Amino acid sequence: MKNASDYLVHVKALITLNRQVVHWVVVREEAQGDVGLFRYRLTLRDGSLLEMFERFQIAEERLQVTKYSFHWQGADGQLHRRWDNAAHHPEVPTHPHHVHDSTEANVLPHEPISAEEVLAIIATESTDQDKQSKYE
């Protein structure tokens with residue numbers, strides 16, 4: 001990546017190419033030289049929603065994410081997972097990085113995660129669910 005605009009183009013391409021995404025909107029997007037942020041809202045094939053937020057900078061052509069939150073919930077509003085690095089769970093060994101799994105209260109350690117990794121998880125897990133429902 002040469003600058004923030006390049007990274008935004010990259011993330012949008014990943015969203016567009018993800019077969020699980022049926023609709024998405026730009027809630028907010030900024031790029032100023034090497035610094036940027038985005039907030040995108042995606043609707044997936046199964047009706048679930050993914051809200052993606054990253055604040056980042058590009059240094060020496062490498063991505064450095066400084067703040068993130070990826071909130072994935074079912075069509076019924078039930079939390080699937082939210083990965084974030086808000087500093088509100090100091091008890092987690094990977095602080096500030098963590099994931100809320102199935103409920104807000106179920107906070108687990110998690111390594112830092114990127115938009116690209118979350119989109120890969122969504123693609124894999126949604127595809128697995130599609131295959132499973134065909135055999136039920």
* Which of the residues belonging to the range 65-113 are surrounded by 11 or more Cβ atoms within 10 Å (Cβ to Cβ) and either of a type in the set (D, E, K, R) or in contact with a helix residue (DSSP H, G or I) (Cβ under 9 Å, 6 or more places away or on another chain) (or both)? -> V65, K67, Y68, F70, W72, H80, R81, R82, W83, D84, D101, I113
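Return a yes/no flag: does the range 30-44 have any residue that is more than 21 Å from I15 (Cα to Cα), at pLDDT 95 or above and touching a strand residue (DSSP E or B) at 6+ places or on another chain (Cβ under 8 Å).
yes
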* Sort out which residues of the range 16-42 are in contact with a helix residue (DSSP H, G or I) (Cβ under 7 Å, 6 or more places away or on another chain) and hydroxyl-bearing (S, T, Y), and write them in order of number. => Y40
* To do: State whether the residues of the range 5-15 include one that is part of a helix (DSSP H, G or I) and in contact with a helix residue (DSSP H, G or I) (Cβ under 6 Å, 6 or more places away or on another chain).
  => yes
* Structure fact -> Scanning the range 68-97 residue by residue, the ones that are part of a strand (DSSP E or B) and in contact (Cβ under 8 Å) with a residue 24 or more places away in the chain total 7
* To do: Starting from residues that are over 15 Å from A123 (Cβ atoms) and not in a strand (DSSP E or B), keep the ones in the range 30-59 and report whichever is nearest to the chain's Cα centre (by Cα).
  => G47
* Asked: What number of residues within the range 16-29 satisfy the criterion of being assigned to a strand (DSSP E or B), surrounded by fewer than 16 Cβ atoms within 10 Å (Cβ to Cβ) and either under 14 Å from the mean Cα position of the chain (by Cα) or in contact (Cβ under 8 Å) with a residue 12 or more places away in the chain (or both)?
  -> 6
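The values are calculated or read from the model by the stated rules, or taken from the named source; none is laboratory data. Keep in mind that this is a model prediction, so the values were computed, not measured. A quick note on method: Cβ atoms are made from the backbone with ideal geometry, for glycine too, and the neighbour counts reach across all protein chains shown.
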